[in-house]
Each structure stands twice: as C-alpha cells, then as structure tokens.
Amino acid sequence: MRKKLAQDAKEIFEAIVERVKVLDPANSRRWFDDLAIKNFSGGLLEITCPDTESAGFLQDNCSSSFTRAAQQITGHLVSIKFSADGKLTKNKPSVSAAELRLHPDYTFDNFVVGPCNRLAHASCVAVSKSLGTTYNPLFIYGSAGLGKTHLLHAICRETRNNLPKVKMQFLSCEEFVNRFIAAIEAGSLTEFKSLYRTVDLLVIDDVQFLREREQSQEEFFHTFNALYDNRRQIVLSADDAPWQIPSLPERLTSRFRWGLVTRIDAPTYETRVAIVQKKSRLRGMKISDEVAEHIAGKVTANIRELEGALTSLYAMAGATSEEIGLDIAVKLLGDKETTGKNISITDIIKVVTAYYDVRPADLQSKRRSQSITMPRQICMYLARNLTNHSLEEIGGHLGGRDHTTVMHACEKITELEQSDDKIQSQLVELTKRISR
Ligand code: ADP
Ligand code: MG
C-alpha cells in the first residue's frame, strides 16, 4: 500500500514537471528531469533540487508556475518548497552560490565563445584562475544583452569551485548603492565598509548606475582603493567604456582603466547559431540545424532576443518532445526573403570606395599602400558587422583574401574605433550611408 502511494506521488510529480514545461517554457531547463519529490503531504509538495543554485533559481523564477501546474494536475491548492539535496550541499563553503544568487545557467561551460567576446571571455577565465594578479581591475563593457552579467556570474562560480574559502561579493551597482544608503540610515556604515573592503573578489555589475550619485561614488572610490592596495580582485561591467560614461568623475574612470578594459560586441551569425543550439540543448528542446540557422538569421540585435525567440518557438510548438521544424520557425519569424535591410558586401564596397575616392578594383588588388589598405580593412570590418557573411566570404569579395586577414582587419579597425575619434566618426558616417 505504502509503495503504491509513493509510486502515485512520483507519477503526479512527473506530470507536474511536464506541465511546468508547457506553462513556462522560458524558465524550463533540461535538469528539471533531475528534480525529485521529497515529500507530498498536507498540501505541501517538497522538491529536492540537485544543488543550491538550482533551488535558488526555482524559488526565484518558477514558484508560481510550479504552484499552478500542481494545482492543475492535482485539482487542489498546493504549496511548494524547493530545497537542495542535503548530501551535496553539506560541506559547502560559507558563502554559497545561492547566497550570492548566482544563476545556474551562467557558467563558462554554457558560454559560447566567438570573435565578438573572445577577449572578454579569455580575460574572465584568466582572472578566475589567479585573482588579483592578472588584470586588476577587469572592466567589461558592451550593449545590453550581450553576456556581461553571464560572464561575471561565471567568474564567481569558477572561483568558488576552485577556492571555496575565498571571500567574495557579487552585486549589481544598484544593490551596492541601495545597501550603502540603507547602512547610512541604519547607522551601520562601519559594518558596510568592512564587508566590502575586505573581500578577495568584488564583482559589481552595471557600474554606469553610479553616475550622478556622488556620495556613493565616494564610497565606491574608497572601496576600490582599499581592495586595489591589498591586491584584491575587482571586476566591473558597464554598458559603456569608462571614458564614455557621462558624469563619472575622472578619478574613478581613470582607475577603471588601470587594469584591462575589454569590450563585447554583437555576435556574428555563426556565433548566434551556436548560441541558439546551446540554449536549446540547455532547455531540453530539439531543434534542427536549419531552424537554428533561421533564428540566427532573423534575430540579430542581441542574445536576450535570441532566447526570447526560442521561448516563443517552444511555446508555439506546444512543448512537444519532437524536433521543432522549420515551418514553425518560419511562421514565427517570417521567411528568409523578408530579412532586415539586406545589406550586401557590394553595397559596402560601393559606399566605402566613393567615400575614400578609390576604385573597387584597388581594394581587390594586391596593393598595400596606406591609402588602399585602410579602406579595404574598413570594408572588411563593416561587412563583418553589417552582414551575415562569413570571414571567408568577405575575404573572397575583397580580392580572395583568407579569413585570418579579414579577422586581423576587423581587430585593427575595432582598436582604431576606440582610440581614434576621426576613424570613429568616419565609421558612423559610412554605416549611415550604407544603411540608407
Ligand atoms: P548583459 O549583462 O550584457 O546585458 P546578459 O549576461 O544578461 O547580458 O546576457 C543575456 C542573455 O544572453 C543571458 O541569458 C545569457 O546567458 C545569454 N548570453 C549572452 N552571451 C552569451 C554567450 N556568448 N553564450 C551563451 N549565452 C549568452
Ligand atoms: Mg547585465
């Protein structure tokens, strides 16, 4: 009899998990299959999770969908409690990932590396291998949805795995400011200071939030100095480069540049395909290469939107266990013919040659004078950023150059774009003309 009950509960639980996947595809993950029922009695369903991060994730993101699913399956009001598997968490260090609120998905393993983020990724890995000695501070910047927060979580996770005793704090700049204000109000400034000025690793996300907050800037400045002087690692992110964040004082922005400043760019087509594939595996969705390529071709703005498209796709497909076909992707995103502005490499060559007063044949020739090399490299850079063509294809259009030449050109122009105002404004103007 007992055994039978347990079996029933297990089946009910499996049905609940399946229902959650339908109700909440955005937050469903493949590891939901590893969840187990701990106890179900008196209207309370207790669920055992593989680790504290997943328990935290479920608690924060999935409580309501689990409650809803449980209600639909059992026909009763059910409350849910998530907890980590005791066996796994018993000997965990004092500051666990859950206390830091690390996202279970945001690991180095789950991060797809491409030309747009290679340097940022490599520097994060390097920092997590030797705190305080490689790049200090490490400053990562880029537009929204390109993976900054993901990388910061990964640094904390990796550090905690390698060095469980390390003292670290991870927080958004907004939290830092709010806690600072709360500490002033509560008269606990001494505790606040000693908490943040004595860690081995301080990670602060979105430091652009500091602008126009003078008192917090002051506190942050002293925190920075205390940590830096003691060779403790500081990692920062922002949506702009330090020198581009308006109304931050020089003494702060100059310190942000003491270590390494690295940028994340929008992902290229190949990287987007790889990300779609990785994310769908993570969610336990089956999609064909064709579908991944279709999504990557249609959704180009940022990675958060790519994930949004996957979620809609999953919802449209009705969370089937079968592979999602191209027909559904086309229904959702439209077909190939309607893609964006459809800028071609030929358009780019036309605009660039007119602008610099050179002939297309010059760009395709072997000539290496500066007056030719620069427009050629700019063509490569723009083609890389404005079209979905591969490095090989771009090289092909510019006199049959190989992909390493194109990559080198892109890197060089990227550097110039940051250091040379003249080039920067030329690039803006060219992009405008090409997009018209
Ligand atoms: P940001 O902090 O720069 O605004 P996030 O780190 O929040 O961006 O990233 C947005 C989403 O895109 C996250 O779900 C993240 O996992 C995903 N993402 C970004 N870059 C990558 C990448 N290279 N590989 C896999 N996922 C990525
Ligand atoms: Mg972020």
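The values are calculated or read from the model by the stated rules, or taken from the named source; none is laboratory data. Here the structure is a predicted model, which means the values were calculated and not measured. Neighbour counts are summed over all protein chains in view; Cβ atoms, including those assigned to glycine, are modelled from backbone coordinates with ideal geometry.
Descriptive notes on the structure:
- Enumeration of residues in the range 264-279 that are away from ligand 2 (no atom under 16 Å from the Cβ) and under 16 Å from Ala120 (Cα atoms): Thr268, Thr271
- Residue match in the range 406-415 (condition: closer than 21 Å to Leu119 by Cα, crowded, with 18+ Cβ neighbours inside 10 Å and touching a Gly at 6+ places or on another chain (Cβ under 6 Å)): yes
- Of all positions in the range 176-197, at least one carries a residue that is without any contact (Cβ under 8 Å) to a residue 60 or more places away in the chain and at positive phi.
- Looking across the range 232-263, the residues that are β-branched (Val, Ile, Thr), in contact (Cβ under 8 Å) with a residue 60 or more places away in the chain and within 16 Å of ligand 2 (Cβ to nearest atom) come down to Val235, Thr262.
- At least 2 residues being modelled with pLDDT under 90 and within 27 Å of Ile264 (Cβ to Cβ) is the threshold, and among the helices (runs of 4 or more DSSP H) wholly inside the range 42-117 those reaching it are 52-57, 97-100.
- Among residues of the range 154-170, those that are away from ligand 1 (no atom under 16 Å from the Cβ), of a type in the set (A, V, I, L, M) and within 22 Å of the chain's Cα centre (by Cα), counted: 1
- Residues in the range 425-436 that are closer than 23 Å to Val261 by Cβ and exposed (fewer than 13 other Cβ atoms within 10 Å of the Cβ): Ser425, Val428.
- Counting only helices (runs of 4 or more DSSP H) wholly contained in the range 217-317, the ones carrying 2 or more residues that are farther than 26 Å from Val113 by Cβ and away from ligand 1 (no atom under 15 Å from the Cβ) occupy 250-256, 303-316.
- Looking at Asp229, Asp205, Asp200, just one residue is under 26 Å from the mean Cα position of the chain (by Cα) and away from ligand 2 (no atom under 16 Å from the Cβ), and that residue is Asp200.
- Residue satisfying condition, being crowded, with 18+ Cβ neighbours inside 10 Å, more than 13 Å from ligand 2 (Cβ to nearest atom) and touching a residue at least 40 places away in the same chain (Cβ under 8 Å), within set Thr159, Thr133, Thr107: Thr159
- Residue count for the range 171-184, restricted to those that are within 16 Å of ligand 1 (Cβ to nearest atom) and either among the basic types (Lys, Arg) or closer than 30 Å to Thr300 by Cβ (or both): 3
- Among residues of the range 117-130 that are closer than 16 Å to Asp200 by Cα, those with a Cβ under 7 angstrom from a residue that is assigned to a loop (DSSP other than H, G, I, E, B) and more than 16 Å from ligand 1 (Cβ to nearest atom), sequence gap 6+ or separate chain, pair up as Ala126/Thr134; Ala126/Tyr135; Val127/Thr134; Val127/Tyr135.
- Being within 26 Å of Thr133 (Cβ to Cβ) and either modelled with pLDDT of 95 or more or not polar (S, T, N, Q) (or both) is not true of Thr198.
- The range 119-149, subset in contact with a strand residue (DSSP E or B) (Cβ under 7 Å, 6 or more places away or on another chain) and hydroxyl-bearing (Ser, Thr, Tyr), residue nearest to ligand 1 (Cβ to nearest atom): Thr149
- Scanning the range 183-193 for residues that are under 20 Å from Ala226 (Cβ atoms) and not β-branched (Val, Ile, Thr) yields a count of 6.
- Hits in the range 150-192 - residues which are within 17 Å of Leu210 (Cβ to Cβ) and either of a type outside the set (A, V, I, L, M, F, W, C) or in contact with a strand residue (DSSP E or B) (Cβ under 8 Å, 6 or more places away or on another chain) (or both): Leu152, Gln169, Phe170, Leu171, Ser172, Cys173, Glu174, Glu175, Phe176, Asn178, Arg179
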